[in-house]
């Protein structure tokens, strides 16, 4: 029987065409599983479309809801061994969101993220309602915070033991002791909120309040604060 041999050049052409078609039609859900983004905290009720033009319905980061997002994989980042998924909010009734979530062999992080993330369910019982991110980039390398920048603002719904924090608290993200630190301060300078986020999803939350009003001390103690050299401090630990 005579064998039919395909010229090497044409064989490589068809092989490349097949691989390109396979990648172009790769479902977004499969890509999220491959890159283990769900294990890193990013999940959704439903993922539709291809990896190049997809949609995440009711996306979440841990327990924080992100709404419906458009999602697409960056081909340029793949060339350097990093999977970066660009995200953009598609729900007009929700606050705008734009940025990226990326992973590689030993790094994980977000790039140029601008978003309003509802965190009331995460930080209860304190009434911290939203974390507003402005061009925030964070990278964890081998489990340690390696780089962090950008502006963060915490919006507080209501007051805490009679102290009105309606103006919010703000500060710049940075790395501290292997964790991402958000050192936020109120306008008066008497209220400080330090949020530490770790690569595995754990967080540590310390709200410190200084007051010259002796009537506020007992109210703060009844609200779960403890008296320290830094004023009255409320501490909370948990996981996103």
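The values are calculated or read from the model by the stated rules, or taken from the named source; none is laboratory data. Treat the numbers as computed from the prediction; the structure is a model and nothing was measured. Reconstructed Cβ throughout: ideal geometry from the backbone, glycine too, with neighbour counts over all protein chains shown.
Pull up segment 110-128, narrow it to residues that are at pLDDT 90 or above and over 17 Å from residue 59 (Cα atoms), then point me to the one that is surrounded by the fewest Cβ atoms within 10 Å (Cβ to Cβ).
Ranking the candidates gives 112 first.
So which residues in segment 51-63 are in a strand (DSSP E or B) and surrounded by 17 or more Cβ atoms within 10 Å (Cβ to Cβ), if there are any at all?
If the condition is that a residue be in a strand (DSSP E or B) and surrounded by 17 or more Cβ atoms within 10 Å (Cβ to Cβ), then 54, 55, 56, 59, 61 are the ones that fit.
Does residue 31 fit the bill of being modelled with pLDDT under 80, surrounded by 12 or more Cβ atoms within 10 Å (Cβ to Cβ), assigned to a helix (DSSP H, G or I) and not assigned by the TED database to the domain that holds residue 118?
Spelling it out, residue 31 is indeed modelled with pLDDT under 80, surrounded by 12 or more Cβ atoms within 10 Å (Cβ to Cβ), assigned to a helix (DSSP H, G or I) and not assigned by the TED database to the domain that holds residue 118.
Which residue, of 152, 119, 128, 156, is in contact with a strand residue (DSSP E or B) (Cβ under 7 Å, 6 or more places away or on another chain) and closer than 26 Å to residue 55 by Cβ?
119
So residue 208 passes all but one of these: (1) closer than 13 Å to residue 126 by Cβ; (2) modelled with pLDDT under 90; (3) more than 18 Å from the chain's Cα centre (by Cα); (4) not in a loop (DSSP other than H, G, I, E, B). Which condition number does it fail?
(2)
Could you say whether any residue in segment 199-215 is buried (at least 16 other Cβ atoms within 10 Å of the Cβ), under 21 Å from residue 99 (Cα atoms) and in contact (Cβ under 8 Å) with a residue 12 or more places away in the chain?
yes
Residue 218 fails exactly one of the following numbered conditions: (1) in contact with a strand residue (DSSP E or B) (Cβ under 7 Å, 6 or more places away or on another chain); (2) more than 19 Å from residue 128 (Cα to Cα); (3) surrounded by fewer than 12 Cβ atoms within 10 Å (Cβ to Cβ). What is the number of that condition?
It fails just one condition, (1).
Hey, could you check segment 221-240 for residues that are more than 15 Å from residue 160 (Cβ to Cβ) and in contact (Cβ under 8 Å) with a residue 40 or more places away in the chain and say which is surrounded by the most Cβ atoms within 10 Å (Cβ to Cβ)?
Among those residues, the one meeting the criterion is 240.
Can you give me the number of residues within segment 74-87 that are over 17 Å from residue 107 (Cα atoms) and in a strand (DSSP E or B)?
1
So which residues in segment 63-82 are farther than 17 Å from residue 98 by Cα and in contact with a strand residue (DSSP E or B) (Cβ under 7 Å, 6 or more places away or on another chain)?
The answer is 77, 82.
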